[in-house]
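Engineer: Provided herewith is a single structure, encoded as structure tokens, for subsequent inquiry.
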Amino acid sequence: MRLAYIEKDRLIYAVRGAGLTERSTVRQKHGLVPRPGRWRGHCSFPATGASWTIRSPAPLSAPLRRGVAELVASFERTWSRFRPDSLVSRAARGEFGAGPALLDLPPGSGRILDLYDRLHTASSGRIDPLVGARLVELGYDPAYSFTVRHGNLRRLDAPAETMNWAASAHHDGDLLRLETPALVDVGAVGKGALADLVSDLLDGSGVTEHIVDASGDVVVRSAEPVRIGLEEPGAEDRVVGVVELTEGAVCASGISHRAWGNGLHHILDALTGQPTSSVLASWTVARRGAEADGLATALFMTPPQDLVAAGFRFDFVLLRSDGTAAMSRTFPRLGEVFTREAPHPPARPPAGPGERAL
């Protein structure tokens, strides 16, 4: 089956590859009727190069808003490859020595590195936080030039020489050792990880019900279900499905919003150094934002059954470049994907364990 796109005409949260926005929602026949006034608190702020929003039953206090701002600033001072003064940018320039260099990261950073270790292994090296230097070469740089650097255009059809996370980086808890200067890019899990931190701060401050909208990565803590629309890639007025959550995270990844040139976008296969091509968009649901975020990226280059075999527990929807889609067998417990029969569906291999072909 193929996805059947439907227009939105009422209010809902719609997750797209580059963000979650308040738009018109799916028609009422799909049961998506918002409750006015349910989330009276609204706090917006910039983070990770995007616009974030916190929804809460009542407005956040001024001290708590300041706490969120300080948390975001601290995270970006450590992990943002777009800031020249960040820890990872300084390490890439060799400011901590020619190597090996020891980076004493903020408390809790080891959880991000542990997750990358798991994703790197499960994807057979295709997910790698050292791929950031290659993104810079291809134009996704701190200046957002989107211009391929000299000498790299002719290498687009050939595997790129990139450093390997398993061989070049090691960590013990929050202490990271880089064998040589390298740019560590946690973009595959960073927004989800920061959304988790913001959610934890809110929860610890007594705001136990909230929605953290990290522009594509959404963490929900709610006594009542929150319905979230899965936006069609490249079309802000249509959704392809819905998810309903009371506690957990839903994250989206797609190639339609951060794309430039012919076939260039921000999701790279670290083994080849080239942009992926077989998947247009993915949506994942997991207990924590960081894991959902990383898995949404991993699905672009890793079969879902391999991620399940590695111990990850999640649900997903996958939209392929050929127009077909797949979802996890248990996804219907959480939501719905709007599909229609394809007149002549392309032949595909049988669905793998835990995967349901549409």
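Every number here is computed from the coordinates shown, using simple stated rules; none is lab data. The shown structure was predicted, so the numbers you read here are calculated from the model rather than taken from an experiment. Ideal geometry is used to build each Cβ from the backbone, glycine not excepted, and the neighbour counts take in all protein chains shown.
Engineer: Ranked from highest to lowest mean number of other Cβ atoms within 10 Å per residue, what is the order of the peptides 163-170, 199-206, 246-253? List each step's numbers first, then the result.
Structural biologist: Details: 163-170: 17.0, 199-206: 15.2, 246-253: 23.2.
Descending mean neighbour count gives 246-253, 163-170, 199-206.
Engineer: Once phi is turned into θ = phi - 60°, what whole-Hz ³J(HN,Hα) does the Karplus curve with 6.51, -1.76 and 1.60 give for every residue of segment 244-250, x standing for Gly and Pro?
Structural biologist: So the J values, rounded to whole Hz, are 10, 10, 10, 8, x, 9, 10.
Engineer: Could the peptides 127-135, 294-302, 310-318, 38-46 be put in order, highest first, of the mean number of other beta-carbon atoms found within 10 Å of their residues?
Structural biologist: Numbers: 127-135: 24.1, 294-302: 26.2, 310-318: 19.7, 38-46: 13.4.
In descending order of packing, they fall as 294-302, 127-135, 310-318, 38-46.
Engineer: How do 108-116, 279-287, 328-336 rank on mean C-beta neighbours within 10 Å, highest first? The partial results should precede the final answer.
Structural biologist: Details: 108-116: 19.4, 279-287: 24.1, 328-336: 16.4.
So the peptides 108-116, 279-287, 328-336, ranked by packing, come out 279-287, 108-116, 328-336.
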